[in-house]
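Colleague: Before I ask anything, let me first share the structure, which is written out below as structure tokens.
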Amino acid sequence: MSQLALVTGATGYIGGRLIPELLGAGFCVRVMARRPRNLADRPWHDQVQVVQGDAADTDSLIKALSGVDVAYYLIHSLGSGEDFEATDRRHARGFASAARAKGVGRIVYLGGLYPKAERLSPHLESRKEVGEILLASGVPTTALRAAVIIGSGSASFEMLRYLTERLPVMITPRWVDTRIQPIAVRDVLRYLVGSAGMPAEVNRGFDIGGPDVLTYRQMMAAYARIAGLTPRRVAALPLFTPSLSSHWVGLVTPVPNSIARPLVESLINEVICKDHDIATWVPDPEVGLTAFEPAVELALKRIHDRQVTTSWSSAATTGAPSDPLPTDPDWAGGSLYVDERESFVDATPEQLWSVIEGIGGGHGWYSWRLGWWARGLLDRVFGGPGLRRGRRDPFELSVGDALDWWRVEDIEQNHRLRLRAEMRLPGLAWLELIVDTADSNEASRNIVSNGNIINNDNNDNNDNNDRLPTGRTVFRQRAIFHPRGLAGHLYWKVISPFHGLVFGGMQRNIAHAAEGTPLVLRHKG
């Protein structure tokens, strides 16, 4: 019988790529996710068991780990706040205890490569501690330790890519001369799958890396050469602290400061494999491990061919709010602000939907560019994702995809796109873009009054003669904000005067892109 493998972190960069590799190797796969709906559009969804679970919830861990032969622990709290080390520690202990209680055959963990007898960055120290907790769990554990992972969509690769492409001349921190042993993501996945077959007496960590040892300066030079760029000029200054470096990286690359800082701090340490013992149990392929330059070439080809299956932004931030949309039946009430707009579009629903599904990223937001740019920059300054996170695919969206500072919370093809804000806000925010026809739009609609939802049918001011002509394509747009405290209410009052430019312009320009003709806009709220 096939072994049953549990994969945690399935919405993340490595987890999302590991699952098809395990299926291809003949494993039965169970996937644990905090929000299973985020996996519904994955190509492997119908081939796996999906269970709802959270590393912070013992009961769900026990359920997810029942009958499991090998459990992949790919959970980390990178970018979730200053106390990420405590969160990592708590989650690892809970997982280790549940795995031992359910008799799991092996735990496989992917952590960070670190030097011995050196002071480590908080990020590396936390990865090291998690590995030690799992190794002491009483369950045979394989703790793989990798440095920079080279692959389309990885945070480390995106940082390298954008720094090199955008800055022909750089004044950099001294970590550009730190030696690193990068590894191709395909080799990481091979080690992860192969680790499942280790005998029960193996309970230890393994360094994994590619065949090349390079400085970050050499990596940037090689990337520029492969990408056909002019040679980059790099001058290292010792005055750049990790904090200043991460802000600089956060401004230049799509990687936000909350993730860039731990990555930058990790580059201060020299990370080179101390041994290659892993080959005893997972032999090297006949063609050898993937060298740095071929790994970069393959990553760039996948980006060019739009075959980036997962990216660093795929995973939602640990601890991100999961409150229901305020119009859901289980919404508990409270103050709520809504900006709702509605318009006719002289285009088919499919034409309008194609524009909506392509929104964001390189296509932009079809409205006041300066306003979006300024708000994105402000979000970056305060540690949010800003607008540079982009999108995984330029034309298609799936539930769970990052979309600039939004995340796709729900999508109904040719009908509705619901986005949840992940920017820094004093409250919760959603944006809904809906395609309807006039005959399907006769149902009651919600409008805003004094900051609270009121049903259209109960509003004495509702004009029943203001119905939409049957058969017309209707474009509905709702921005919803649930404030937290006084700051949230003040925030809405301050930005409300700009909604005509931002949301009104967005609706007009999306419609223009779909139909190419003027339209009449009705504003409610």
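The numbers here are math on the coordinates, done by the rules we state, and not lab data. Just so it is clear, the model here is predicted, and its values are computed rather than measured. Methodologically, a virtual Cβ is constructed for each residue, glycine included, from the backbone with ideal geometry; neighbour enumeration extends over all protein chains shown.
Colleague: So what J values fall out for segment 476-487 if you push phi through Karplus, 6.51 cos²θ - 1.76 cosθ + 1.60 with θ = phi - 60°, rounded to Hz, Gly and Pro as x?
Modeller: 10, 9, 10, 10, 10, 9, 10, x, 10, x, 4, 4
Colleague: Under a crude label model (7 Å from the Cα following the beta-carbon direction), how far is VAL169 from ASN414 in nanometres?
Modeller: 5.5 nm
Colleague: Treat each spin label as a single point 7 Å out from the Cα along the C-beta direction, and report the PHE382 to THR437 distance in nm.
Modeller: Label-label distance for PHE382 and THR437, simple model: 4.4 nm.
Colleague: Want the number for GLN52 to ARG119: 0.36 nm per residue separation, take away the alpha-carbon distance, what's left?
Modeller: This chain segment gains 20.3 nm when fully extended.
Colleague: Mind listing the phi-derived Karplus ³J(HN,Hα) values for segment 31-47, rounded to whole Hz, using 6.51, -1.76 and 1.60 with θ = phi - 60°, and x for any glycine or proline?
Modeller: Values per residue, Gly and Pro as x: 10, 9, 9, 5, 10, x, 4, 5, 9, 4, 9, 6, x, 9, 4, 6, 9 Hz.
Colleague: Once phi is turned into θ = phi - 60°, what whole-Hz ³J(HN,Hα) does the Karplus curve with 6.51, -1.76 and 1.60 give for every residue of segment 349-358, x standing for Gly and Pro?
Modeller: Going residue by residue, I get x, 5, 5, 5, 5, 4, 6, 4, 5, x Hz, with x marking Gly and Pro.
Colleague: Using the Kirkwood formula over every pair of different C-alpha atoms, what hydrodynamic radius in Å results for segment 4-304?
Modeller: Over segment 4-304, the inverse of the mean reciprocal pair distance is 19.8 Å.
Colleague: On a full-extension model of 0.36 nm per residue, what is the gain between GLU201 and SER398, subtracting their alpha-carbon distance, rounded to one decimal in nm?
Modeller: So the chain would gain 66.7 nm between GLU201 and SER398.
Colleague: What are the residues whose amide H is under 5 Å from the amide H of ILE150, where those residues sit 5 or more places off or on another chain and H is modelled from the backbone?
Modeller: ILE183, ALA184, VAL185
Colleague: Straight-line reach from LYS274: which lysines have Cα under 30 Å away, leaving out those fewer than 8 places along the same chain?
Modeller: Correct list for LYS274: LYS116, LYS128.
Colleague: Hey, another quick one. Which value, in debye to the nearest 20, describes the size of the charge dipole of segment 4-304 about its Cα centre when Lys and Arg Cβ atoms bear +1, Asp and Glu Cβ atoms bear -1, and nothing else is charged?
Modeller: 420 debye
Colleague: Further question on the same structure: Sequence-distant or interchain residues sharing an amide H contact under 5 Å with PHE206, placed H: which?
Modeller: Result for PHE206 returns ALA143, LEU144, ARG145.
Colleague: Skipping prolines and chain starts, which residues have an amide H placed within reach, meaning under 5 Å, of the one on ALA71, given they are 5 or more residues away or on another chain?
Modeller: For ALA71, the qualifying residues are LEU6, ARG106, ILE107, VAL108.
Colleague: If the cut-off is 20 Å between C-alpha atoms, which lysines fall inside it for LYS102, apart from same-chain ones fewer than 8 positions away?
Modeller: Straight-line reach from LYS102, under 20 Å: LYS63.
Colleague: Can I ask one more? At HIS363 and ARG35, where each label point lies 7 Å from the Cα along Cα→Cβ, what is the point-to-point distance in nanometres?
Modeller: 2.1 nm
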